[in-house]
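Let me begin by presenting the structure, written as structure tokens, before commenting on it.
The values are calculated or read from the model by the stated rules, or taken from the named source; none is laboratory data. All values derive from a computational prediction rather than experimental measurement. Cβ atoms come from the backbone with ideal geometry, glycine included; neighbour counts cover every protein chain shown. Each accessible area value is taken on the protein alone, full model and side chains, heavy atoms only, with ligands, DNA and RNA left out. Shrake-Rupley method; radii C 1.70, N 1.55, O 1.52, S 1.80 Å.
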Amino acid sequence: MTTPLSIGLVQTAALHHAADDPGAFAADVRRVVAAHPGVRLLAYPELHLCGHRPDEDPEAVMRAAAEPLDGPRGTALAALARELGIWLVPGSVYEQGADGRIYNTAPVYAPTGERVAEYRKIFPWRPYETTASGSAFVVFDLPGHGRVGLTICYDAWFPEVTRHLAWQGADLVLNLVRTPTVDRAQEVVLAQANSIVNQVFMASLNAAAPDGVGRSVVVDPEGNLRAEAGPGPEEILTDVLDLGEARRVRARGTVGLTRVWDPFEAGRSPIDLPLYAGRIDPESWRRGPEG
């Protein structure tokens with residue numbers, strides 16, 4: 001039995017030079033929480049705290065904004081989550097890695113103020129994005145609610161990413177986006193497709209103008225659009241999700257029919273995957289989604 005989870009997706013423009021006004025983001029989060037006091041998980045778009053204006057050099061902004069996750073910015077975000085008692089995903093940030101490289105990283109803070117997860121974008125949008133590539137799939141647990149996986153923008157175009165998160169037991173995949181281009185239409189379709197083929201909830205949260213074109217969506221494990229924002233300025237998309245529905249859909253099938261995790265039954269021979277120099281093994285396939 002799972003408890004329904006109230007989520008808030010803040011479709012808004014990025015903050016520019018957030019470090020110059022460290023209180024601006026905290027004030028905005030407090031405003032949103034005051035207006036939507038039932039929200040337990042609050043999320044912002046990709047690079048919300050590290051925005052660059054059209055006339056700025058993105059590389060210079062990236063280098064100026066990058067800091068370790070446990071730096072001053074991270075300390076302030078942890079304190080904010082603890083103050084408000086919410087699960088906070090402040091969008092992704094530029095992370096200065098211990099290896100000297102800069103990553104596009106989404107941190108997650110629990111209501112206790114603990115940073116419980118951090119996901120580095122595996123697929124930066126080349127050649128336009130120059131951050132280093134992450135190499136790990138990340139899920140985290142919301143006790144009593146379910147398991148959440150993280151992706152950032154272009155990751156959604158690679159089906160392997162969402163599939164791995166679902167295999168790791170994700171009931172909801174949160175995709176943080178900063179898309180100002182016409183292919184947002186395709187991203188909405190991808191959110192539905194990733195939901196259908198993996199039987200997971202998808203929440204695709206895009207930025208608003210001038211950093212994005214909006215159209216944030218929440219999709220259920222059968223691919224149905226539950227909520228959709230428009231293309232305009234700030235909009236707060238809220239929903240209440242029973243994440244246990246993802247596992248029920250896997251058990252009973254999409255529309256009571258299709259069970260995409262079942263074909264790899266015991267005794268079936270593995271399938272070689274030349275593209276990955278690996279293979280699908282029925283034993284590992286069947287263990288994963290139970291998480």
Have a look at R147, R63 and point out the one that is in a helix (DSSP H, G or I) and among the charged types (D, E, K, R). R63
Under the condition of being part of a loop (DSSP other than H, G, I, E, B) and either crowded, with 23+ Cβ neighbours inside 10 Å or without any contact (Cβ under 8 Å) to a residue 24 or more places away in the chain (or both), which residue from region 18-38 is nearest to the chain's Cα centre (by Cα)? P37
What's the total number of residues in region 121-139 that are open to solvent by 80 Å² or more (accessible area, probe 1.4 Å), over 26 Å from L172 (Cα atoms) and of a type in the set (S, T, Y)? 1
The one condition in (1) among the aliphatic types (A, V, I, L, M); (2) in a strand (DSSP E or B); (3) over 25 Å from F137 (Cα atoms) that A203 fails to fulfil: (3)
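Among the residues of region 1-17, how many are within 19 Å of G144 (Cβ to Cβ), part of a strand (DSSP E or B) and either aromatic (F, W, Y) or open to solvent by 10 Å² or more (accessible area, probe 1.4 Å) (or both)?
1
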What are the residues in region 238-261 that are in a helix (DSSP H, G or I) and either open to solvent by less than 60 Å² (accessible area, probe 1.4 Å) or hydrophobic (A, V, I, L, M, F, W, C) (or both), if any? G244, E245, A246, V249, R250, A251
Residues (surrounded by 24 or more Cβ atoms within 10 Å (Cβ to Cβ) and either hydroxyl-bearing (S, T, Y) or not in a loop (DSSP other than H, G, I, E, B) (or both)) located in region 157-178: T162, L165, A166, L172, V173, L174, N175, L176
Considering only residues of region 88-106 that are part of a loop (DSSP other than H, G, I, E, B) and within 15 Å of the chain's Cα centre (by Cα), which is surrounded by the most Cβ atoms within 10 Å (Cβ to Cβ)? S92
